Amino acid sequence: PRQPVGDQSQARVLEVVGEKPVFDFKPKGHLELGEGLDIIRQRRLSHVSGHRSYYLCGAGALLQHALVSFTLGKLLSKGFLPMTVPDLLRGAVFEGCGVQLSATPSPVYTIDPSRFEDLCLAGTSEVGIAGYFMDHAVQLQNLPIRVVCSSTCYRAETDTGREPWGLYRVHQFTKVEMFGVTATERGTESEELLAEFLGLQKEIFSELGLHYRVLDMPTEELGLPAYRKFDIEAWMPGRGKYGEISSASNCTDYQSRRLNIMYSDGRGRLRHAHTVNGTACAVSRMLIALLESNQLPDGRVRVPPVLQPLVGQEVLSPPPAPLLRYIGPSQP
């Protein structure tokens with residue numbers, strides 16, 4: 001393929017979309033904004049749910065539901081098949097998707113093997129969707145198949161010391177994922193679907209009013225299954241830098257060979273399909289970009305017009321008084 005060779009520093013910027021928000025004040029971070037609006041809570045939770053956990057409440061919860069609904073509506077209108085998937089999956093499905101369960105530290109949460117043998121929590125619905133097609137064949141006339149799934153994602157590898165506060169690296173978040181299965185009759189079908197997924201990502205992020213850039217990721221950033229990968233990074237004013245909000249990958253036949261995902265060609269022969277995946281909306285990181293990009297000097301936050309009917313507000317404002325007052329033991 002035509003991607004750059006090397007590490008993250010070799011990523012090639014393909015496109016920059018939108019304008020950076022300009023403020024005549026020092027922009028706040030999303031956690032400060034969220035706490036001021038009483039829509040994000042991450043403090044004093046060590047005795048409740050531990051490190052890197054958080055609550056979304058009030059308009060924060062509505063924003064999550066609005067982002068998921070907006071994204072699902074967009075993709076359903078494009079002909080995607082909606083799906084829900086199991087959160088608990090066998091190790092073979094993870095390994096077939098290119099997730100190395102034996103890595104140290106492990107990227108996934110493993111359920112107590114003394115009670116439930118060989119079950120792990122999925123870090124993305126990509127794994128569950130791939131499992132749906134495992135050991136099955138699709139008729140050529142039904143390809144390409146485009147699937148969309150909203151799920152809770154569980155990530156164990158965030159415990160690295162980087163950004164211990166905020167929503168950028170968390171153990172649990174909601175994500176809307178795109179997944180595709182294509183034929184290989186012409187040899188370009190999966191490349192075309194990858195370009196389609198990237199176009200949909202750009203459409204979603206542009207309608208939300210974000211400033212972002214599209215990156216062609218270099219070889220050392222592809223992971224095991226990806227043949228080609230594009231990342232999109234949104235500008236996050238409170239962080240003062242771009243942050244990844246999505247990726248889209250063409251895995252060609254890496255997953256299909258390991259999971260036995262086939263299709264029947266025009267002569268009735270079984271051939272390995274290609275698989276493509278892409279993030280449509282990773283809610284926690286989208287909240288960072290939206291809150292920080294749409295903030296006002298007084299701590300209020302504008303709601304993007306496409307989300308206003310779903311949130312029921314044009315501007316998020318602080319409550320007249322906090323909902324709770326902490327009375328427990330001292331903790332951060």
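The values are calculated or read from the model by the stated rules, or taken from the named source; none is laboratory data. These numbers come from a predicted model, not from an experiment. Note that we place each Cβ from the backbone using ideal geometry, even for glycine, and neighbour counts take in every protein chain shown.
Quick notes on this one:
- Residue within the range 210-217 that is in contact with a His (Cβ under 8 Å, 6 or more places away or on another chain) and not basic (Lys, Arg) present: no
- Filtered residues of the range 42-76 (kept if in a loop (DSSP other than H, G, I, E, B) and of a type in the set (Phe, Trp, Tyr)): TYR54
- Any chance LEU140 is of a type outside the set (D, E, K, R), in contact (Cβ under 8 Å) with a residue 40 or more places away in the chain and closer than 28 Å to PHE205 by Cα: no
- Qualifying residue in the range 312-328 (condition: in a helix (DSSP H, G or I) and in contact with a Leu (Cβ under 8 Å, 6 or more places away or on another chain)): no
- Any hit, the range 79-88, residues being in contact with a Cys (Cβ under 9 Å, 6 or more places away or on another chain) and within 26 Å of MET217 (Cβ to Cβ): yes
- Some residue of the range 240-257 being assigned to a helix (DSSP H, G or I), under 26 Å from the mean Cα position of the chain (by Cα), of a type outside the set (Ser, Thr, Tyr) and under 27 Å from ARG90 (Cβ atoms): yes
- Residues that are among the small types (Gly, Ala, Ser), in a strand (DSSP E or B) and closer than 23 Å to PHE70 by Cα do not occur anywhere in the range 190-202.
- Taken over the range 96-109, the criterion of being in contact with a Leu (Cβ under 9 Å, 6 or more places away or on another chain) and loosely packed, with under 15 Cβ neighbours inside 10 Å is satisfied by GLN100 alone.
- When every residue of the range 282-297 is checked against the conditions, at least one turns out to be surrounded by fewer than 15 Cβ atoms within 10 Å (Cβ to Cβ) and out of contact with any strand residue (DSSP E or B) (no Cβ under 6 Å at 6 or more places or on another chain).
- Residue in the range 119-126 that is crowded, with 18+ Cβ neighbours inside 10 Å, under 24 Å from THR104 (Cα atoms) and over 17 Å from the mean Cα position of the chain (by Cα) present: yes
- Considering only residues in the range 1-21 that are in contact with a Ser or Thr (Cβ under 7 Å, 6 or more places away or on another chain) and among the hydrophobic types (A, V, I, L, M, F, W, C), the one that is surrounded by the fewest Cβ atoms within 10 Å (Cβ to Cβ) turns out to be VAL5.
- Hits in the range 144-161 (condition: of a type outside the set (S, T, N, Q), touching a Gly at 6+ places or on another chain (Cβ under 9 Å) and either modelled with pLDDT of 95 or more or in a strand (DSSP E or B) (or both)): PRO144, ILE145, ARG146, VAL147, CYS149, CYS153, TYR154
- Among the candidates THR174, THR182, THR275, the residue that is closer than 19 Å to ILE129 by Cα, touching a His at 6+ places or on another chain (Cβ under 6 Å) and either surrounded by 24 or more Cβ atoms within 10 Å (Cβ to Cβ) or of a type in the set (Ser, Thr, Tyr) (or both) is uniquely THR182.
- Residue in the range 236-247 that is of a type in the set (Lys, Arg) and buried (at least 21 other Cβ atoms within 10 Å of the Cβ) present: no
- Meets criteria (among the acidic types (Asp, Glu) and either crowded, with 23+ Cβ neighbours inside 10 Å or within 19 Å of MET134 (Cα to Cα) (or both)) for ASP253: yes
- Enumeration of residues in the range 189-227 that are surrounded by fewer than 19 Cβ atoms within 10 Å (Cβ to Cβ), in contact with a Gly (Cβ under 6 Å, 6 or more places away or on another chain) and either of a type in the set (A, V, I, L, M, F, W, C) or more than 14 Å from GLN3 (Cα to Cα) (or both): LEU224
- Which listed residue is of a type outside the set (Lys, Arg) and in contact with a helix residue (DSSP H, G or I) (Cβ under 7 Å, 6 or more places away or on another chain), from GLY60, GLY50, GLY79: GLY60
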